[in-house]
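One structure below.
The values are calculated or read from the model by the stated rules, or taken from the named source; none is laboratory data. Source: prediction; values computed, not measured. Please note: Cβ atoms are built from the backbone with ideal geometry, for glycine as well, and neighbour counts cover all protein chains shown.
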Amino acid sequence: MKKTKILYWIFTGLLAALMLMSGIPDIIVIPDALTIFKHLGYPTYLIPFLGVAKVLGAVTILIPGFPRLKEWAYAGFVFDLTGAMYSHISVGDPASAWMPIFIGYIIIALSYIFYHKKLKATSLGNTK
């Protein structure tokens, strides 16, 4: 269980950091975010909305409890990355623009897998 908890917190910390590092600049609407959104053809009023969603999701996966909200946060992160990847591909961006998104998918998957392993071990009474 200890190894599972350590791996869970490593991947969950990385995921939270990833989402906070992309969410906070969106909330304050930095010029780079405006440029990317305009390039992708999205209205700029979506930028702070997505930023707040990312930050709330990051907070949700970090705080204990709230299993249903955690499931929604993980799903939201997958939707966010999938939308970003699809958008970059749709406007004809090169693979170098959207391939790094796979790193995000891997981090989400590992955090999610170890979250469920941790839950299962805890429900079996193995809390050491």
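For the criterion of being closer than 16 Å to L110 by Cβ, more than 12 Å from the chain's Cα centre (by Cα) and either at pLDDT 95 or above or hydrophobic (A, V, I, L, M, F, W, C) (or both), L46 fails. Candidates are the residues of the stretch 12-47 that are of a type in the set (F, W, Y) and either touching a residue at least 12 places away in the same chain (Cβ under 8 Å) or in a loop (DSSP other than H, G, I, E, B) (or both); the one that is farthest from G92 (Cα to Cα) is Y45.
Selection of the stretch 60-90 for residues being without any contact (Cβ under 8 Å) to a residue 12 or more places away in the chain and of a type in the set (A, V, I, L, M) yields I63, L69, A75, I89.
Every listed requirement among (1) surrounded by fewer than 18 Cβ atoms within 10 Å (Cβ to Cβ); (2) farther than 19 Å from I24 by Cα; (3) within 11 Å of the chain's Cα centre (by Cα) is met by V78 save one, (2).
Taken over the stretch 49-59, the criterion of being surrounded by fewer than 18 Cβ atoms within 10 Å (Cβ to Cβ) and either of a type in the set (K, R) or under 26 Å from L110 (Cβ atoms) (or both) is satisfied by V52, L56, V59.
Of the residues making up the stretch 84-108, those that are surrounded by 14 or more Cβ atoms within 10 Å (Cβ to Cβ) and either under 17 Å from the mean Cα position of the chain (by Cα) or not aliphatic (A, V, I, L, M) (or both) number 11. If you go through the stretch 91-128 and keep only what is assigned to a helix (DSSP H, G or I), in contact (Cβ under 8 Å) with a residue 24 or more places away in the chain and under 30 Å from I36 (Cα atoms), you end up with G104, Y105, I107, I108, L110, S111, Y112.
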